[in-house]
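Please read the structure below before turning to the comments.
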Amino acid sequence: MADLSIEFAGIKAPNPFWLASAPPTDKQYNVERAFEAGWGGVVWKTLGEDPAAVNVSSRYSASYDAHGDVVGFNNIELITDRPLEVNLREIEETKRNWPDRALIVSLMVPCEEDAWKRIVKQVEQTGADGLELNFGCPHGMPERGMGAAVGQVPEYVEMVTRWCKQYSSLPVMVKMTPNVTDVRHPARAAFRGGADAVSLINTVNSITGLDLDRMVARPIVGSQSTHGGMCGPAVKPIALNMLAEIARDPETAGKRLCGIGGISNWRDAAEFIALGAGSVQVCTAAMLHGFRIVEGMKDGLSRWMDEKGYARIEDFRGLAVPNTTDWKYLDINYKSIAQIDQDKCINCGRCHIACEDTSHQAINKLLQADGSNIYTVNDDECVGCNLCEITCPVDQCITMVPQETGLPYMNWTQDPRNPYREA
């Protein structure tokens, strides 16, 4: 059976599934219940200086899919609103009770050297395994010069990271904000400052919806609202892209990365690991379904690894990175076209409608003698865009079939039609 244990930036854990810094890791009671359920580690909810932050009510809102399931979870909650001394005492007790689990502490204090020096030394005395610098919180804290206000300025990221490495012997992980144009710049800065790893992504600036009767966005505080930070399945594509950008950047390639963003099952975790993550953090799925979801995550990942012949996480970590490139290097001469399996087709016509109205009119609608329709692909018109495959409700009914063109590999930098092509 596959071995799920990991060593990440010098931190050992029985599996790569960690709870992210968030309400589920706000206190000893929650964290110990999570460890009992089987989580390999936690990132304790962000600590700050006393007096503790003051939160508002309400704090959460969500976006839903057509089936009523949450796809985007929005919050305007701040860092811990519990006293620093209480958190430090509970961290020490929890680590003593669960020595085999990874316990990382998230931190956010003003951008002052003494403040960081003071808090990292306090955390180190608890026996915690590592630090995560919260440079990503997008609401409330940036207005105070913290969170994303630091994470969006590479010079600040490097400076604070360097302070923490100077004053603490613990591994330091820097949490990236997604609310930037190019995540590679703050990631490079973190590693220049001596970071042992980066974690990403933090939440995305968002307003999930409005109450149109009251004309106020959700969550509603009295008669007002504000933008919050969104997590959940909706942000997974953003997180995967940013993870891949750092993993394949020549300046940060090979560095330790922790994946966060919409991880809800073992397959999500495997995708993050394949793009370079050595561990993953989960929040929304645990908040919606409870801590026991980790059982299915561990079992599913282990079974898949056995099936593929991967004995350890490191055996497939980063394998998808070399296959991720810039658009300009994709093979322009590669061609695939759609193929419809008539035995599986239910003749719903969704592929035809989508292609006819919005794409290349490459799916024929053929009226039969009994009044029904069948749908076939016009190979000459099909450009292989995948729209029909995406809209089809039947798994594997429409597949994209590679075509032999007889043409060699050629990318846009080589194409004679490109006036700026490389020699």
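We did not get these values from a lab; they are worked out from the coordinates using the rules stated. Quantities reported herein were computed from a predicted structural model and do not represent experimental measurements. Positions of Cβ are generated from backbone atoms using ideal geometry, with glycine treated the same way; all protein chains shown enter the neighbour counts.
Structure values in brief
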{"item": "Nearest 10 degrees, 0 to 90: helix 154-167 Cα axis against the chain principal axis", "result": "40"}
{"item": "Mean projection area, nm², convex hull over Cα of the stretch 259-386", "result": "12.4"}
{"item": "MRE, 222 nm, helices only [DSSP H, n ≥ 4, -39500 (n - 2.57), over the chain, to nearest 500]", "result": "-8500 deg cm²/dmol"}
{"item": "Spin-label pair THR325/ARG89, simplified geometry with 7 Å Cα→Cβ offset, distance in nm", "result": "5.9"}
{"item": "Global size of the chain as Cα Rg and Dmax, reported in angstrom", "result": "24.4, 83"}
{"item": "Inter-label distance, nm, simple model (7 Å from Cα along the C-beta direction), ILE207/LEU366", "result": "5.2"}
{"item": "Stretchable slack from ASN373 to GLU314, in nm (0.36 nm times residue separation minus alpha-carbon distance)", "result": "16.2 nm"}
{"item": "Extension reserve of the ARG33-ASN333 stretch, reckoned as 0.36 nm per residue once the Cα distance is removed", "result": "102.6 nm"}
{"item": "Least to most buried among CYS258, CYS382 (fewest other Cβ within 10 Å first)", "result": "CYS382, CYS258"}
{"item": "13 Å beta-carbon shell around THR324, net charge (K/R +1, D/E -1)", "result": "-3"}
{"item": "Length-normalised contact order of the chain in % [C-alpha pairs under 8 Å, at least 6 apart]", "result": "14"}
{"item": "P(r) weight above 14 Å for the stretch 329-402, C-alpha pairs, percent", "result": "58"}
{"item": "Lysines with Cα under 25 Å of LYS165, excluding same-chain neighbours fewer than 8 positions away", "result": "LYS12, LYS45, LYS95, LYS117, LYS121, LYS175, LYS255"}
{"item": "Order of ILE340, ILE207 under a 10 Å beta carbon neighbour criterion, fewest first", "result": "ILE207, ILE340"}
{"item": "The stretch 188-232-the stretch 371-410 distance, computed between alpha-carbon centres (Å)", "result": "39"}
{"item": "Relative contact order for the stretch 185-283, counting Cα pairs under 8 Å that sit 6 or more residues apart, in percent", "result": "28"}
{"item": "GNM flexibility winner over the chain from GLU90, GLU158, GLU112 (Cα, springs under 10 Å)", "result": "GLU112"}
{"item": "Nearest 10 degrees, 0 to 90: helix 236-247 Cα axis against the chain principal axis", "result": "80"}
